[in-house]
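Some notes on the structure that comes next.
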Amino acid sequence: MSQDSEGPGAAASSGSNRAGGPGKPAGAQAATPPVPGPARPPDADVPAPADEEAAYTDEEGAYTDEEGAYTDEEGAYTGGKAATPATPGSGGGQAGGPVAATEEDERAELERLRAEVAGLRGERAQAGGKRQKRPGGWRAPVSAVLIVLGCILAPVSVLGVWGANQVGNTDRFVANMSPLISEPPIQQALSAKITTQITSRLNVQAIANQAAAQATAAHLPRIASLLHTFSGQIASGVNSAIATAVSRVVASPAMAVVWTQALRVAHSGIVRVLSGQGGGAVDVVNNQVVLNLSPLITQAKKQLSAQGLTIVNNIPNVNATFPLFEAPNLAKAQQGYRLTQTLKWVLPFLTLALLAAGVYVARGHRRALIGAALGLAASMLVLGIALDIARVIYLNSVPKNVLPSDAAGALYDTLIRFIREGLRVLLVIGLVIAIGAFLTGPSVTAVRTRKAVTSGIDWLRARSEQAGVRTGPVGEWTAAHKNLLRIGAIALIALIFVLLGPPDVGEVITLVVVLLVLLGLIELIGGRSADQTARAPGG
């Protein structure tokens, strides 16, 4: 009896407590009906659905299969009322209405989402399944084309500027060709050429025979016999003496001066040859560009006469020539010269404009700048390889009896040495720009490098401050104008580079080092600006 009397009261009390107890809203916590059967597993044990649609299905299944277990919770959520404890045979009918309404809402939402997905798939099918093009998709291919064109024109610009300087600038031409007289292969070739021109016109053996005839007429038979017998040896000795004297003359400083003067005169002749006028110290004979040796032979005759070989004074004026290089395609060279003279200013600016436009049009300016700089460096490498191939072709085309191979090689290397210097300079500039653009980028290596440099500068600044060195107002002003000072440093180095004239690789590297030192001093003196300090954590 006691148990029967406690059952209804205990159940009512339990239901009241689970519903929130006195003074609490009924919807705060739903009561769990003491329905016989297996209890609902905890939420943590429910497996996660595979996808969104499966989540609706699983959730719907849970409501369908375990409707009795969810009755009180749904009732508390939707209706805000405490569920009436279920009694045997009741079936939880009082909470059935809210549960049914919730299931209908969720089913309606699921159907709406399915319809929306089906509509989107239909629109995609109507569009042919093609992706919409991103706005500005033309930038990447146009940028690539512009950069490639600029890199192709870069070697052409180098050759054009070199040709224009060699033809239009006498000082540049003389500076390029004057070292030839100091090359031993060239000295040997010139000595042999001048000696041949002198001895061929002297004919020492004929002179000895003539002297023997005169001795016979003078009743000096022994002398006449000696002259006839040793005329060959006399001629050989004289020719050998002439060859030795000519070699010394060619290697003397006086001949270097004459060579430089001859080059200056020859420069106008090159212009005449390429412009089609002809004449001058340099001319084209039998598809060969040749140098007039008359000034050199005259100088050699003076030196020989001063050394006692006055016999050379009997030699008339000689108009001998010295071959410089083969010119089988002189007509094409003349056309190229005229075109180069026309485009010598246009080509460099056009190359820079194409590269700059390619970088500007690209989506990623820094990446495009790196690509353009590396492309410029690669084009210079290609030009260097082409020059080496042309050297082999040139050496194979020059006959041995015209110019020895070592002399031809020295001539070619001297002729194109300014091209090599120019392409090396551009190669270094391209690499420097590419490295600079990379180190200012967001890559891990660039960030670590910048942090390392900044840490080193901060360490040096801290040690200086500990030693009592303070920048004071200068440091504050530098910190406030740090970006302006950086731009000024770069502009100053660029101006020096332009005004320096044709620089070499060493000068370019020196300018880069000076720029890095200037930027480091700006960072060291300026430190962190006031804005950076204010934005820093804890600043």
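The values are calculated or read from the model by the stated rules, or taken from the named source; none is laboratory data. Quick caveat: nothing in here was measured; it's all calculated off a predicted structure. No Cβ is skipped: glycine too gets one built from the backbone with ideal geometry, and neighbour counts run over all protein chains shown.
In segment 514-539, the residues that are assigned to a helix (DSSP H, G or I) reach residues that are modelled with pLDDT under 50 with C-beta atoms within less than 9 angstrom, at least six apart or across chains, in these pairs: Gln532/Gly539; Thr533/Gly539. Taken over segment 337-352, residues that are among the aliphatic types (A, V, I, L, M) and within 22 Å of the chain's Cα centre (by Cα) amount to 4. Residues in segment 364-389 that are without any contact (Cβ under 8 Å) to a residue 60 or more places away in the chain and either closer than 24 Å to Ile181 by Cβ or touching a Leu at 6+ places or on another chain (Cβ under 6 Å) (or both): Ala377, Gly384, Leu387. Could you check, for segment 470-479, whether at least one of its residues is surrounded by 14 or more Cβ atoms within 10 Å (Cβ to Cβ) and of a type in the set (Gly, Ala, Ser)? Within segment 470-479, one or more residues are surrounded by 14 or more Cβ atoms within 10 Å (Cβ to Cβ) and of a type in the set (Gly, Ala, Ser).
For beta carbons closer than 7 Å, sequence separation of 6+ or different chains, a first residue in segment 250-261 that is within 17 Å of Val174 (Cβ to Cβ) and in contact (Cβ under 8 Å) with a residue 60 or more places away in the chain and a second that is in a helix (DSSP H, G or I) and not charged (D, E, K, R), the qualifying pairs are Met255/Ile181; Met255/Val249; Met255/Gln299; Ala256/Ile181; Trp259/Ser178; Trp259/Ile181; Thr260/Val174; Thr260/Ser178. Residues that are in contact with a helix residue (DSSP H, G or I) (Cβ under 6 Å, 6 or more places away or on another chain) and in a helix (DSSP H, G or I) within segment 376-404 comprise Leu376, Ala377, Ser379, Met380, Leu383, Gly384, Arg391, Tyr394, Leu395, listed in sequence order. Pairs meeting the criteria (first residue in segment 457-468 and assigned by TED's automatic domain parsing to the domain that holds Gly527, second residue in a helix (DSSP H, G or I) and at pLDDT 85 or above, beta carbons under 7 Å, at least 6 apart or on different chains) are Ile457/Gly520; Ile457/Glu523; Ile457/Leu524; Leu460/Leu524; Arg461/Leu524.
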